[in-house]
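Below is one structure, written out as structure tokens; comments come after it.
The values are calculated or read from the model by the stated rules, or taken from the named source; none is laboratory data. Bear in mind the structure is a predicted one, so any value in this text is a computation, not a measurement. Cβ atoms come from the backbone with ideal geometry, glycine included; neighbour counts cover every protein chain shown.
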Amino acid sequence: MPESKKPKVAVWKFASCDGCQLSLLDCEDELLAIADAIEIAYFPEASSTVIKGPYDISLVEGSITTPHDAEHIHHVRRASKVLITIGACATAGGIQALRNFRDVRQMVAQVYASPAYIETLSKSTAIADHVFVDFELRGCPINKAQLVEIVSAYLHGRKPNIPRYSVCVECKRRGTPCVMVAEGALCLGPVTQAGCGALCPAYQRGCYGCFGPTETPNPRALSEHWKALGTSSDEIVRLYRTFNAFADAFRKESEAHEG
């Protein structure tokens, strides 16, 4: 009997730092568990081998920042049976989405000696703002165990088991005292999706929101608590504008305190 074909997996990069692709390479032993079940057909970060699509699963890192990106992502979508975005850049525009709150033309003029040669869009946007996305995997960078879980889930035709609760739940599970109560730290944990294992609070630091907003966040209540601690509006804006600044809940709350 002929051997059944392995599902083809492609990994694509748009505007990003490559950190989430490196998380995939860092899986090592975990990746070996599924390596025999898939064929890495396109992954320039790791191999020069290129196998033509269509692809069963495409993992997409990075945000859309140029006209070429905006056109190319439609090619990726057409070539992919399942498209999964990985990381804050792909799911929320990334740290580069901070430009969305300013005039990008002025920023280009300040950074580049010859601004006329720079072709860019006015905003850095998530992949889902341009094409249909089957699943968004949050994080800056992503959790490698979650990445293996999501690939395994799609290979077996089941729903990925990715938590949607807040970082506060992770703090409770590891026995970490609340840093806002114990240390007076400004922490995004109550409105941030779990995935990091509550790393920063474990070292008496507030959560930076690396995994983006939870499914049903209440940032307004958190901001009111910060105000009661004497936090200025400028500082509140800064807290929401990091890795997931243009995620809808964080964007709206930062804009509510601006100016």
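Picking from residues in region 137-162 that are of a type outside the set (A, V, I, L, M, F, W, C), in contact with a Gly (Cβ under 7 Å, 6 or more places away or on another chain) and in a loop (DSSP other than H, G, I, E, B), the one that is surrounded by the most Cβ atoms within 10 Å (Cβ to Cβ) is Arg138. Would you confirm, using the coordinates I've provided, whether Gly230 is touching a Lys or Arg at 6+ places or on another chain (Cβ under 7 Å) and outside the structural domain of Val60 (by TED's automatic domain parsing)? In short, no. Scan region 96-115 and give yes if some residue there is among the small types (Gly, Ala, Ser), within 26 Å of Ser152 (Cβ to Cβ) and in a loop (DSSP other than H, G, I, E, B), otherwise no. Checking region 96-115: not a single residue is among the small types (Gly, Ala, Ser), within 26 Å of Ser152 (Cβ to Cβ) and in a loop (DSSP other than H, G, I, E, B).
Listed here are the helices (runs of 4 or more DSSP H) enclosed by region 219-259 that have at least 2 residues being of a type outside the set (S, T, N, Q) and more than 30 Å from Cys17 (Cα to Cα): 219-228. Residues in region 53-78 that are farther than 24 Å from Thr120 by Cα and buried (at least 18 other Cβ atoms within 10 Å of the Cβ): Tyr55, Asp56, Ile57, Ser58. Pairs are defined by a Cβ separation below 9 Å, a sequence spacing of at least 6 or placement on different chains, a first member in region 22-43 that is in a helix (DSSP H, G or I), and a second member that is surrounded by fewer than 16 Cβ atoms within 10 Å (Cβ to Cβ) and modelled with pLDDT of 80 or more; the pairs so defined are Leu22/Glu45; Leu24/Glu45; Leu24/Ala46; Leu25/Glu45; Leu25/Ala46; Glu30/Ala145; Leu31/Leu25.
Screening Ala202 against (1) assigned to a loop (DSSP other than H, G, I, E, B); (2) under 21 Å from Ser23 (Cβ atoms) leaves a single unmet condition, (1). Among the residues of region 52-75, is there at least one that is outside any strand (DSSP E or B), over 14 Å from His130 (Cβ atoms) and either outside the structural domain of Ile150 (by TED's automatic domain parsing) or free of Cβ contacts under 8 Å to residues at least 24 places away in the same chain (or both)? So far as region 52-75 goes, yes, one or more of its residues are outside any strand (DSSP E or B), over 14 Å from His130 (Cβ atoms) and either outside the structural domain of Ile150 (by TED's automatic domain parsing) or free of Cβ contacts under 8 Å to residues at least 24 places away in the same chain (or both).
Can you say whether Ala35 is surrounded by fewer than 17 Cβ atoms within 10 Å (Cβ to Cβ), under 19 Å from the mean Cα position of the chain (by Cα) and not hydroxyl-bearing (Ser, Thr, Tyr), as far as the supplied structure shows? The answer is no for Ala35. If only residues of region 76-92 that are assigned to a helix (DSSP H, G or I) and of a type in the set (Lys, Arg) are counted, the one that is farthest from Ile142 (Cα to Cα) is Arg78.
Residue count for region 90-104 under the criterion of being touching a strand residue (DSSP E or B) at 6+ places or on another chain (Cβ under 6 Å) and either farther than 19 Å from Ile118 by Cβ or without any contact (Cβ under 8 Å) to a residue 40 or more places away in the chain (or both): the result is 2.
So which of Thr216, Thr192 ends up being more than 21 Å from Gly87 (Cβ to Cβ) and not assigned by TED's automatic domain parsing to the domain that holds Ser23? Within the list Thr216, Thr192, the selection yields Thr216.
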